[in-house]
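Okay, so here's the structure we're looking at.
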Amino acid sequence: MAGYNFNEIEKNWQQYWAQKATFKADNNSTQPKYYVLDMFPYPSGAGLHVGHPLGYIASDIVTRYKRHKGFNVLHPMGYDAFGLPAEQYAIQTGQHPAVTTEENIGRYREQLDKIGFSFDWSREVRTSDEAYYKWTQWIFIQLFNSWFNKSTGKASPISELIALFEASGNASIDAACDETKIFTAEEWKTYSEQDQHKILLNYRLAFLSEAMVNWCPELGTVLANDEVKDGVSERGGYPVERKLMTQWSLRISAYSERLLQGLDTLEWSDSIKEAQRNWIGKSEGTSLTFEAGDDSIEVFTTRPDTIFGVSFLTLAPEHELVNKLTTPDRKAAVDAYVTMAKNRSERERMADVKTISGEFTGAYAKHPFTGTPIPIWIGDYVLAGYGTGAVMAVPGHDSRDYAFAKHFNLPIIEVVSGGDLSIESYDAKEGVLVNSDFLNGLDVKSAIKTAIKKIEAEGLGKGKTNYRLRDAVFGRQRYWGEPIPMYSKDGIPYPVAEKDLPIALPEIDKFLPTETGEPPLARAKDWTYNGYPLETTTMPGWAGSSWYYLRYMDPHNDKELASEGAINYWQQVDLYIGGSEHAVGHLLYSRFWCKFLNDIGKVPFDEPFKKLVNQGMIQGTSCLVYRVSNEKKIVSAGLKNQYDTTAIHIDVNIVNNTIVDIEKLKEWRPSEFADADYELEDGKLICDNEVGKMSKRWHNVVNPDTICQQYGADTLRLYEMFLGPLQDAKPWSTQGIEGVLRFLRKAWRLFHNNTEENFQLSDEAATKAELKILHRTIKKATEDIDNFSFNTSVSAFMVCVNELQELKCNKREILEPFIVLLSPYAPHIAEELWKLCGHQESIAKATWPVFNPEHLIENEFNYPISFNGKVRFNLNFALDMDVKVVEQQVIANEQTQKYLEGNAPKKVIVVKGRIVNIVV
RNA sequence: GCCCGGGUGGUGGAAUCGGUAGACACGCAGGACUUAAAAUCCUGUGGCUUCACGGCUGUGCGGGUUCAAGUCCCGCCCCGGGUACCA
């Protein structure tokens, strides 16, 4: 049958595109640019499943559409090739991660090619290539050589800071830094080189410091906060504990405010922006000092208005004053509590949120206004890492303080009216202040202002903004990552000279830590630089992915990360598509690096990704058959209740719409199924479905290759778009894929006669009806791509083909523009038909058809409205126009007539020829 | 707990700025073509009711605004995702 042979067509065109380099993007073009980026994949051993291409298909549609619209489009692809799984595999098998990574990339590429994406493969990047990570290391060194000047809100060279120190010490410098003693210029000059470097480390944007980190013993490495979920590692799900370690970190907290402000300029979904806002966690409040004998305790509060409601202070168990304040009689209890709190893992602490624990230190502080003694407690609900690690407890108006007070029987004072404190605390920022001296009678908002003023006037504290965002731990005790390009001399870290980059990953005998517990790189022979020991930790997975979008602009440049010309031409990523699981990790780090590179003059923009679209996850549908317990008997799903059965997950690829192919089942696992008895329903073995993550474990992985083989890549592409809105999560199912294939066959037959043998195209002029169909589709297809509503576009194509088929339309004037509309979705069939139409060049070079609203106005539709004014017609499209009609009559139902009585209509709304609203 | 989404036929999902609810597709039922099958085409398909024309009802629940509500407002219920002692 000489019908629509998708396998052959697709193979041919994929070859053609590769040979002709059809999709190569030019860095020197006079066309306007458009940059479409996909989140590049980590090449795992499992290969691609049908969920992976979803976002790539959407981005490819936009890419091809923009090319038709005359844009020079950059649409690259690469691999996020460093990462834990390859290393874990290496530990188990001894296979070098570079080898497995290479193999996996090969498989990915093969699978991607089959779907017919229009990537410019000449720009492929891999984060594990030396030529790539040379620049990742280079950026790290720039961070090391920079400090953040709060008064300008920007990063500046560290040399500038040294000059400032030499001129006037550090007292007047407003920098993002760790706590540093104040020194004068004279004192600075007397410091040794070593001491000076130690001080500078407090200011550098990449710095070495001793800090509490998330340590994962199972993985043998530290993790950043976003790599820890529910107290276990995101990768692997291993327990994570707190540990004090000397670590490389990046001072991302310096950029908190800019990262927050920048969100307002982005076209991202509200949920992702909100997640980032929460992660940054800005809160405005005031610091306030409580005197406790010779010591003073500083607290941070967002509710200074409740100052008269303070009935105790709570310190974090790790607070530095705990030891000093504790009275001798309380010492034993407090020490025991502190030890216990320290040893609890993050996970235990989190699982235990509801248990209230704490101890009284025996000490008292003085209330700053009333002078009343206030007991000082410790409790692990106060976090050492946030604010000052101490809180003023206002049990009446903070639920955590309330719970603590109830548990230990501490006084609860009402200072804001509106709640019932016998039941719960009243946390709302509404109500009138009571029992509060000079604040009495004020509402909460003005009370906050008045309180801050008073606190500042009396020198008790000052207005302050806190951020939840912590600095990012950057060193990993792993092998398969970028070596941190630093060496150590006299205990001080120095960067490797730029001319000596990259510091290549060394070969080592085993991918494990050394016997003394040092990271794997310590196994390398002669791991030194000019005779000094090199850093043995490597960078985290997100390092390479934080700037890869820049490398695509100029991927083979060995002089810089990308040329100024290339960056200036391509600018920001116009459209970024990927999963929402990177909401606070990758997307935040990339923004941070972009802002930094902007500060040092490397990139002319402040945000990397202008528009972001998150595709939903495609879940797996697993199939369950039932085996009768203790028997070798399989029963159909409808009969399972008649027996005592166990459910078995079987391979979804041998099931067709809940009907199991028994022969294939027997082949799949002969030992289990070949000689089993089967009890069927209507001669069929029916299985149950269950929706969950697509994974090998549930035998529910569907490969795109299989679908391409069976239905064709164009059908796969259309079907994945047709499945529902791009952003929604949806379970994979092939129910309905037939309909898409049917549609493509119909489209094919528009160009071929009924026996599907001969290609026929008529040059006859199109009729009004045909033009109407076409232009309705042009309008819809154009708008839908702009709105990311790909699923409704597919429907529109189906309607279009059905209607043209009914009219037996095979006119060039209609069909040629139609294939162009279809080509972003189904590029192979479009290319084939385009060629058959007599075109020499790829359809990619064709121009997008222009919508002409004239064709949508029906002749027989005469405006039956008696007024001069603005009418909105809601036909198959929305079109506003001013009409002046002379001979008319208003057609209205009884209700409307009544409504109209005595009023001259100003606006009439007509839907498909019917008046639906008349505005008077 | 808090913050985002969302709830529409047997199923996936349409419905623009408040304007014919259920586009399109799957599935199902019936029919045509065929020796037969596949493929293709046609008809029907929210529910109730009616021989039929038609009528009534219908977008998680309860109220409200409006000539008109899936859409807007108030109060609930349920589901999905994120986040968690951040003072």
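The values are calculated or read from the model by the stated rules, or taken from the named source; none is laboratory data. These figures come from a predicted structure and were not determined experimentally. Cβ: placed from backbone, ideal geometry, glycine included. Neighbour counts: every protein chain shown.
The set of residues in segment A:292-312 being surrounded by fewer than 24 Cβ atoms within 10 Å (Cβ to Cβ) and of a type in the set (A, V, I, L, M) consists of A:292, A:297. Within segment A:639-663, being loosely packed, with under 15 Cβ neighbours inside 10 Å and assigned to a helix (DSSP H, G or I) holds for A:641, A:642, A:663.
The conditions of being at pLDDT below 90 and more than 14 Å from RNA strand B (Cβ to nearest atom) are met by residue A:339.
Within segment A:697-713, the set of residues being outside any loop (DSSP other than H, G, I, E, B), away from RNA strand B (no atom under 15 Å from the Cβ) and closer than 30 Å to residue A:787 by Cβ comprises A:704, A:707, A:708, A:713. Taking first residues from segment A:380-404 that are on the phi < 0 side of the Ramachandran plot and partners that are assigned to a strand (DSSP E or B) and near RNA strand B (Cβ under 6 Å from one of its atoms), the Cβ contacts under 6 Å between residues at least 6 apart in sequence or on separate chains come to A:382/A:391; A:388/A:300; A:392/A:301. Within segment A:578-597, the set of residues being within 8 Å of the chain's Cα centre (by Cα) and more than 16 Å from RNA strand B (Cβ to nearest atom) is empty. When residue A:521 is tested against (1) among the hydrophobic types (A, V, I, L, M, F, W, C); (2) farther than 30 Å from residue A:74 by Cα; (3) in contact (Cβ under 8 Å) with a residue 60 or more places away in the chain; (4) assigned to a helix (DSSP H, G or I), only condition (3) is not met. One residue alone among A:352, A:420 is at pLDDT below 90, of a type outside the set (A, V, I, L, M, F, W, C) and more than 9 Å from RNA strand B (Cβ to nearest atom), and that residue is A:420. For residues in segment A:133-149 being part of a helix (DSSP H, G or I) and in contact with an Asp or Glu (Cβ under 9 Å, 6 or more places away or on another chain), which is nearest to residue A:98 (Cα to Cα)? This residue is A:133. Selection over segment A:430-451 of residues that are out of contact with any Ser or Thr (no Cβ under 8 Å at 6 or more places or on another chain), assigned to a loop (DSSP other than H, G, I, E, B) and free of Cβ contacts under 8 Å to residues at least 24 places away in the same chain gives a count of 3.
Is it the case, given these coordinates, that residue A:242 is within 15 Å of RNA strand B (Cβ to nearest atom), crowded, with 16+ Cβ neighbours inside 10 Å and outside any loop (DSSP other than H, G, I, E, B)? Yes; evaluated as a whole, the condition is true for this residue.
Residue-level check: of (1) part of a loop (DSSP other than H, G, I, E, B); (2) free of Cβ contacts under 8 Å to residues at least 12 places away in the same chain, residue A:8 misses just (1). Kindly evaluate residue A:326 against the criterion of being modelled with pLDDT of 90 or more, within 11 Å of RNA strand B (Cβ to nearest atom) and surrounded by 18 or more Cβ atoms within 10 Å (Cβ to Cβ). For residue A:326, the condition - modelled with pLDDT of 90 or more, within 11 Å of RNA strand B (Cβ to nearest atom) and surrounded by 18 or more Cβ atoms within 10 Å (Cβ to Cβ) - is not met. For segment A:754-806, taking the residues that are among the basic types (Lys, Arg) and within 12 Å of RNA strand B (Cβ to nearest atom), the one that is surrounded by the most Cβ atoms within 10 Å (Cβ to Cβ) is identified as A:780. Scanning segment A:271-297 for residues that are within 11 Å of RNA strand B (Cβ to nearest atom) and outside any helix (DSSP H, G or I) gives A:281, A:282, A:283, A:284, A:285, A:286, A:287, A:288.
Among the residues of segment A:456-479, none is identified as of a type in the set (Val, Ile, Thr) and more than 16 Å from RNA strand B (Cβ to nearest atom). Taken as a whole, the structure places residue A:430 among residues that are within 36 Å of the chain's Cα centre (by Cα), more than 9 Å from RNA strand B (Cβ to nearest atom) and modelled with pLDDT under 90. The sole residue among A:36, A:62 that is in contact (Cβ under 8 Å) with a residue 60 or more places away in the chain, assigned to a helix (DSSP H, G or I), buried (at least 22 other Cβ atoms within 10 Å of the Cβ) and touching a strand residue (DSSP E or B) at 6+ places or on another chain (Cβ under 9 Å) is A:62.
The single condition among (1) in contact (Cβ under 8 Å) with a residue 24 or more places away in the chain; (2) of a type outside the set (Asp, Glu); (3) under 26 Å from residue A:465 (Cβ atoms) that residue A:245 does not meet is (3).
Within segment A:176-189, residues that are under 27 Å from residue A:467 (Cβ atoms) and touching a residue at least 40 places away in the same chain (Cβ under 8 Å) sit with their Cβ atoms under 8 Å from residues that are of a type outside the set (Ser, Thr, Tyr) and assigned to a helix (DSSP H, G or I), at 6+ positions apart or across chains, in these pairs: A:176/A:254. Within the span defined as segment A:768-781, one or more residues are without any contact (Cβ under 8 Å) to a residue 24 or more places away in the chain and touching a Phe, Trp or Tyr at 6+ places or on another chain (Cβ under 9 Å). Scanning segment A:194-222 for residues that are surrounded by fewer than 15 Cβ atoms within 10 Å (Cβ to Cβ) and either touching a residue at least 60 places away in the same chain (Cβ under 8 Å) or among the basic types (Lys, Arg) (or both) gives a single hit, A:194. Scanning segment A:724-747 for residues that are surrounded by 20 or more Cβ atoms within 10 Å (Cβ to Cβ) and more than 8 Å from RNA strand B (Cβ to nearest atom) turns up A:726, A:732, A:744, A:747.
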